[in-house]
Amino acid sequence: GQQLNQSPQSMFIQEGEDVSMNCTSSSIFNTWLWYKQDPGEGPVLLIALYKAGELTSNGRLTAQFGTTRKDSFLNISASIPSDVGIYFCAGPISSGSARQLTFGSGTQLTVLP
Amino acid sequence: DTGVSQDPRHKITKRGQNVTFRCDPISEHNRLYWYRQTLGQGPEFLTYFQNEAQLEKSRLLSDRFSAERPKGSFSTLEIQRTEQGDSAMYLCASSFVREGTEAFFGQGTRLTVV
């Protein structure tokens, strides 16, 4: 089945630093999604990407849909303590508007004061 | 609160018991999804409904798992004869039937089978 590979698996950064993480797949995706999950909570949607090459921002977060449609990147600028959490990339298992999603295994982000 | 609501938030059960979880989606959303998440992994899709119709259930983990959405509103996920390997977070999400609309997740039900 479709598998999403996220890297790095974990990151430790100083507050104020920029962060970059990525997600790759062996299959083409028409949509890339980035979610953040806090401990004991459900994932929260951060950014949705629908077109190859698209670059979308949400505050300090910027994500890009790779031109090959097999990868995506998420950048966080000027990190703050509340950025701590697990970041997941996700894409639809099938075509159409239904959100049967496959997820990567996540990037655990720790922000040190 | 107008988000996706799941009940209970935590459930501890003995091996072999049956458990049922409830999900109340965002009220205007036609589609409802169930996912399972084990420690250190991303959520894994199980099944979904469009209104009351269960449109995909081939990814339910075994015949011990079943889901219903009888009136197209709330949904239940039942696990019969629980096993220790069923211990996980069970997440519900909902969305519109429309291109470019994404799914919103509930807070999940954490199941521990002892």
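Tabulated data
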{"quantity": "Count - residues of the range A:66-99 that are within 14 Å of chain B (Cβ to nearest Cβ), closer than 18 Å to A:S26 by Cα and part of a loop (DSSP other than H, G, I, E, B)", "calculated": "3"}
{"quantity": "Residue among B:Q37, B:Q80 that alone is within 23 Å of B:F104 (Cβ to Cβ) and touching a residue at least 60 places away in the same chain (Cβ under 8 Å)", "calculated": "B:Q37"}
{"quantity": "Residue in the range B:104-114 that is in contact (Cβ under 8 Å) with a residue 12 or more places away in the chain, more than 14 Å from chain A (Cβ to nearest Cβ), touching a strand residue (DSSP E or B) at 6+ places or on another chain (Cβ under 9 Å) and of a type outside the set (S, T, N, Q) present", "calculated": "yes"}
{"quantity": "Subset tally (residues that are surrounded by 15 or more Cβ atoms within 10 Å (Cβ to Cβ) and more than 13 Å from every other protein chain (Cβ to nearest Cβ)) for the range A:1-24", "calculated": "6"}
{"quantity": "1 or more residues closer than 26 Å to A:P39 by Cα and of a type in the set (D, E): qualifying strands (runs of 3 or more DSSP E) within the range B:1-109", "calculated": "B:5-7, B:19-24, B:44-50, B:75-79"}
{"quantity": "Condition broken by B:I79, with the remaining ones in (1) touching a helix residue (DSSP H, G or I) at 6+ places or on another chain (Cβ under 6 Å); (2) within 14 Å of chain A (Cβ to nearest Cβ) satisfied", "calculated": "(2)"}
{"quantity": "Per-region count, the range B:21-60, residues more than 14 Å from chain A (Cβ to nearest Cβ) and more than 10 Å from the chain's Cα centre (by Cα)", "calculated": "3"}
{"quantity": "Top-ranked residue of the range A:41-63 - restricted to ones that are part of a loop (DSSP other than H, G, I, E, B) and within 10 Å of chain B (Cβ to nearest Cβ), ranked as farthest from A:R99 (Cα to Cα)", "calculated": "A:E41"}
{"quantity": "The range B:66-103 - residue that is out of contact with any strand residue (DSSP E or B) (no Cβ under 7 Å at 6 or more places or on another chain) and at pLDDT 95 or above and, of those, nearest to A:I47 (Cα to Cα)", "calculated": "B:G85"}
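The values are calculated or read from the model by the stated rules, or taken from the named source; none is laboratory data. In this text the structure is predicted, and so the values were computed from the model without any measurement. Neighbour counts run over all protein chains shown; Cβ positions are idealised from the backbone, glycine included.
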